[in-house]
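Read the structure below first, then the notes.
The values are calculated or read from the model by the stated rules, or taken from the named source; none is laboratory data. On a predicted model such as this, the values are computed, not experimentally measured, just so you know. Neighbour counts are summed over all protein chains in view; Cβ atoms, including those assigned to glycine, are modelled from backbone coordinates with ideal geometry.
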Amino acid sequence: MISSAGISRKNRLKLKYVARRFTNIYKYTAGEFLFSFFVAFLFFFFIFFVNQILLIAEEILSKNIKISAVLRLLFYSLPAIVSFAFPFGALVGALMAIGRLSSDNEILALQACGIPYSRLFIPIAILGVVFSAGSFIINDIFLPLGTIKFSQLYREILYSNPELELSPYSIKRYQRTTIITGNIHDKEISDIVIIDKTPEKDKRIILADSASLNKLEEQNGVISLYLDNVFIQTFNKQKKNDYNYMSSESMTYNILLRDISFSIRSPGPREMSSRDVKTEVDKKTELLDVKKMKNMQAADRAAVSMEAEYYYQSAIPPPLRSNKFLESSRQDYSSRRLKDISDRSLQIYLVEYYKKFSLPLACFAFVLFAFPVGMFTKRSGRSVGFGIGLLVAVLYWGLLFAGQTFGIQNNSSALLAMWMPDLVIVGAAAVSAFVKFRS
């Protein structure tokens with residue numbers, strides 16, 4: 001009994017020792033990864049910050065906007081920057097950490113002590129999962145919220161300073177409207193000209209002595225211009241020489257926020273949560289199914305009409321037959337059957353929906369890739385890992401952009417287009433692991 005108890009106690013002490021040894025290894029490896037991730041994250045964060053946010057801030061600052069408002073705009077833009085900095089930070093950070101451990105022969109020393117590669121990979125893999133979850137939360141919650149706050153703040157700034165969007169003595173083209181402005185003084189625009197189209201697609205020219213932005217709380221998604229002393233001339237689309245004109249003391253002209261340039265826009269699928277995007281996808285899919293069903297019904301009617309015309313012509317003596325209507329029915333049927341019914345808007349939403357999952361999960365895919373690749377480093381582990389990480393980041397960015405473009409323009413599988421970059425990285429990780437660990 002004493003011997004048995006003694007052996008049991010020794011086993012417990014041994015297990016505690018082994019557990020403590022692995023815990024220390026986990027902490028050490030995780031700390032190395034976190035430090036490298038922090039450095040890489042800051043690098044990518046400032047790259048995206050300078051390229052995207054400071055360009056916007058420069059244009060806003062040139063219009064004498066308050067510094068506090070600019071700082072708030074920058075703050076609301078941070079989620080968009082962080083959403084891209086997270087995956088690339090995980091990639092470069094993992095390569096730097098594993099490369100440093102490999103170049104300093106620490107991994108070799110741990111192997112000599114009987115520590116398997118799987119034990120070294122556990123803390124790296126756990127942090128990869130944590131980074132993926134964090135990146136998804138930023139994309140799904142903070143990015144939509146930041147976009148909404150950004151648009152609201154920009155709208156407030158625009159009302160107090162119309163020069164921010166409408167520069168003096170300039171021509172501003174939107175999607176549906178062209179605005180020509182005179183001088184802008186004390187929130188009032190002088191000698192404004194607006195060129196647009198009526199709901200009937202007739203060309204319209206609006207001239208006003210002055211204009212000012214009119215803020216109405218009940219209006220959502222609209223910027224209102226209050227025009228004074230207005231003259232309107234409309235040209236008939238059907239009759240070139242026909243036109244109408246009218247004058248008015250005042251007029252309110254609305255500009256949709258989605259027509260404003262980069263600064264203010266309605267949230268698109270990228271700025272929406274995954275649940276909201278899925279809801280829109282379901283709605284658009286239903287509408288597309290209805291369109292396809294109607295087209296099939298029209299094709300069936302054309303087939304019936306073609307068959308009826310065929311039998312009708314068969315009953316007529318050959319000299320009196322005419323294939324004109326039969327050929328017309330055949331062409332109508334053929335065009336209906338071959339017609340490609342698609343919705344580009346649905347494809348855009350599908351691409352963004354799958355991107356909301358593939359981009360965050362790239363953190364874990366990058367970790368899978370970095371673990372075997374980083375072990376090939378023999379010297380200057382951090383710098384080599386940093387260089388390899390930059391090359392892979394550029395490659396992934398190119399694949400992501402190509403997949404997004406291909407998925408939208410060619411109406412191909414959005415699922416495959418957005419997950420292809422991750423699959424390429426995982427495939428490269430599998431090949432690297434086979435080459436490294438095959439012995």
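Annotations
- Check on ILE194, β-branched (Val, Ile, Thr) and at pLDDT 85 or above: yes
- Going through (1) closer than 30 Å to ARG119 by Cβ; (2) of a type in the set (A, V, I, L, M); (3) buried (at least 21 other Cβ atoms within 10 Å of the Cβ) one by one, VAL351 falls short only on (1).
- Annotation: LEU400 fulfils all but one of (1) touching a residue at least 60 places away in the same chain (Cβ under 8 Å); (2) under 30 Å from PRO269 (Cα atoms); the unmet one is (1).
- Test: residue in segment 224-242 that is surrounded by 13 or more Cβ atoms within 10 Å (Cβ to Cβ), modelled with pLDDT of 80 or more and closer than 30 Å to MET272 by Cβ: yes
- Taken over segment 272-303, the criterion of being among the hydrophobic types (A, V, I, L, M, F, W, C), touching a helix residue (DSSP H, G or I) at 6+ places or on another chain (Cβ under 9 Å) and assigned to a helix (DSSP H, G or I) is satisfied by VAL277, VAL281, LEU287, LEU288, MET296, ALA298, ALA299, ALA302, ALA303.
Residues are listed down the side, and each one gets a yes or a no for (1) surrounded by 13 or more Cβ atoms within 10 Å (Cβ to Cβ); (2) at pLDDT 85 or above:
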position	(1), (2)
MET246	no, yes
TYR253	yes, no
LEU257	yes, no
ILE260	yes, no
SER263	yes, no
SER266	yes, no
GLU280	yes, yes
ASN295	yes, no
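- Residues that are modelled with pLDDT under 90, farther than 30 Å from LYS278 by Cβ and in contact with a helix residue (DSSP H, G or I) (Cβ under 9 Å, 6 or more places away or on another chain) are absent from segment 75-85.
- Against the list (1) over 26 Å from the mean Cα position of the chain (by Cα); (2) surrounded by 17 or more Cβ atoms within 10 Å (Cβ to Cβ), the condition ALA393 fails is (1).
- Candidates PHE45, PHE41, filtered to the one that is at pLDDT 90 or above, under 26 Å from SER103 (Cα atoms) and in a helix (DSSP H, G or I): PHE41
- Here ASP289 meets each of (1) closer than 29 Å to LYS355 by Cβ; (2) at pLDDT below 85 with one exception, condition (2).
- Of residues in segment 48-74 being over 18 Å from SER151 (Cα atoms) and surrounded by fewer than 14 Cβ atoms within 10 Å (Cβ to Cβ), the one modelled with the highest pLDDT: VAL50
- The number of residues in segment 401-439 being within 17 Å of the chain's Cα centre (by Cα), loosely packed, with under 14 Cβ neighbours inside 10 Å and within 30 Å of PHE376 (Cα to Cα) comes to 2.
- Members of segment 89-126 that are more than 15 Å from VAL367 (Cβ to Cβ), assigned to a helix (DSSP H, G or I) and either in contact with a Phe, Trp or Tyr (Cβ under 8 Å, 6 or more places away or on another chain) or of a type outside the set (Ser, Thr, Tyr) (or both): ARG100, SER102, GLU106, ILE107, LEU108, ALA109, LEU110, GLN111, ALA112, ARG119
- Which numbered condition THR377 fails, given (1) touching a residue at least 12 places away in the same chain (Cβ under 8 Å); (2) not in a loop (DSSP other than H, G, I, E, B): (2)
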